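Please read the structure below before turning to the comments.
The values are calculated or read from the model by the stated rules, or taken from the named source; none is laboratory data. As the structure is a computational prediction, the values presented were derived from the model and not from experiment. Counting neighbours? That spans all protein chains shown, and the Cβs are built from the backbone with ideal geometry, glycine included. Heavy atoms of the whole protein, side chains included, go into the accessibility calculation; ligands, DNA and RNA do not. Shrake-Rupley method; radii C 1.70, N 1.55, O 1.52, S 1.80 Å.
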Amino acid sequence: MTALHRRLGLSIGLAHAMLADHRRPGGSAAPALLARACVCLGCEDAPPPWLASLAQAVALRWQRHGPIDTLDSLAQFLAGQLECDDTEPDEDDDLAAPAINDLWSDRPPSTWRVRHWLLRPAQTAQPAAGLPAVERPDLPTEDAWAAWLGLDPQRLRWLSHPSVDWREDHHRPHRRIAAHYRHVLLPKRSGGLRLLEVPRPDLRQAQRRLLDGWLSLVPAHEAAHGFVRGRNVHSFAQVHAGQACVIRFDLQDFFPSLGAARIQAFWSAWGYPEPVARMLTRLCTTTTPAMVRERLQEAPSMDAMSLKRLARPHLPQGAPTSPALANLCAFGLDLRLDGLARRFGAVYARYADDLVFSGPQSLYREARALQAWVQAIAEDEGFALNAAKQRQMRAHQQQRVTGLVINERPNLPREDYDRLRATLHRAALSGPADPAARARLQGQVAWACQSLAPSRVAKLQALLARIAPT
């Protein structure tokens, strides 16, 4: 075993010892840290000076920054300290030798071994400051989460297996990504293909339990209207109805832009231990297989950067948890863009990846400055704008957002109304329709009637009544 490996093993053991009970009163003070470190190394006599110096350095670090270290970060810090203290003295250096030998106390750190592993009990910590007071599940272990999700512990470990983070490698064909998703490619109106990553039934059920039992209780920003209970396309359009100028931006690869590191940081911010945060992250993210990415590249549907985002663990579009996690991870983006809109005398709202600003006529003259600010804020928050989908719409033009015309009030476009009426007319002439087809038409009519005049609502409902089920 090399000196590096010995130093790393010693650092991990000491990190475990110092993190054990460090949140109890006085547990992060230098004497308490030194006492636990001595138990870890099995010191029977007085502790070596280098160990006392190490405990003092950790205590000072936590006094300045707070006890925010994870096991990995603290082990790295300790390894760096031990590397400085474990340098062999130069026999010809008479000035340096006494000071270093004093710290060694005749035994350099590399000669010590971990005798007792002090493992802190798994427990959830307090959420980060500023998070809402939501009653979160207090589940500090993976087995506790398995029971809460209604899964067998072994099944949960399989669904959150590390293979979901693997990057496919042609040189190592045995490293296969766990097949927890099926991939559906749908044609886009603008050309290309849209990727849907749909979880398998047991994973989907666990994600739905996680969404309904907790994620849906965490409020999103007031500017977010997509996938939020009580808000929808119509409430989003109503915010911008009747404005003199409407400017729309689009986020590129909204779900794939949110990688596993960002999702794990979200769970950690709520105080969950690192193993639990990692397990929940793997439960909610996936990596797109290489053959699916190659098919998207042939379409062509995505550029090289978009394909690169899919090659790493990301939020899948099609999982029940993805919209809620995306809205919560975009809270900082919404907060900053809402403040920016106020600076320009405008209003801001977001529906999934659609960012829309609306305001007086002066907003049109400041559109370039607004675009520069929006792009800078989006990039700073980890997103990218799709320049091809930016639109500036004034009052004398048709202002359309999320499929609705908003010049005066949210209204279904005339061509969409005519298309739906023709579809209903053909269905009525074709005779009885199967229940699934009639239910689909009924849903389309219900959605359209929210933004139509009463006379048109009556016409659509009359046509629908003529379609008899089989």
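Evaluate the relative contact order of the range 349-470 (contact order divided by residue number), counting alpha-carbon pairs under 8 angstrom at least 6 apart; express in whole percent.
That works out to 19 percent.
May I ask you to compute the full-extension gain from W117 to R208, defined as 0.36 nm times their residue separation minus their alpha-carbon distance, rounded to one decimal in nm?
Length difference between fully extended and current span is 28.9 nm.
If each DSSP helix of 4+ residues adds -39,500 (n - 2.57) and the sum is divided by the residues in the chain, what number results at 222 nm, nearest 500 deg cm²/dmol?
Result for the chain, helices only: -14500 deg cm²/dmol.
For the chain, compute the orientation-averaged projected area of the C-alpha convex hull (one quarter of its surface), in nm².
31.3 nm²
With helices defined as uninterrupted DSSP H runs, which ones in the chain have an alpha carbon span along their own long axis of at least 20 Å and mean Kyte-Doolittle hydropathy of at least -1.0?
Membrane-span-like by this criterion, though nothing is claimed about a membrane: 3-19, 49-65, 71-85, 435-449.
Tell me, what is the per residue accessible area of the chain in Å², probe radius 1.4 Å?
Normalised by residue count, the accessible surface of the chain is 52 Å².
Please report, as a whole percent, how much of the solvent-accessible surface of the chain comes from carbon and sulfur atoms (probe radius 1.4 Å).
52 percent
So how do E44, E415 rank on accessible area, 1.4 Å probe, biggest first, that is with the largest at the start?
Reading off the accessible areas and sorting them downward yields E44, E415.
Enumerate the residues in the range 417-443 having an amide nitrogen under 18 Å from the point lying 7 Å beyond the Cα of V457 toward its Cβ.
417-418, 421, 442-443
Please give the net charge around Q390, taking every other residue with its beta carbon less than 9 angstrom from that of Q390, where Lys and Arg add +1 and Asp and Glu add -1.
So the surrounding residues net to +2.
Please state the relative contact order of the range 328-369 as a whole percent: Cα pairs under 8 Å, 6+ residues apart?
Relative contact order of the range 328-369: 27 percent.
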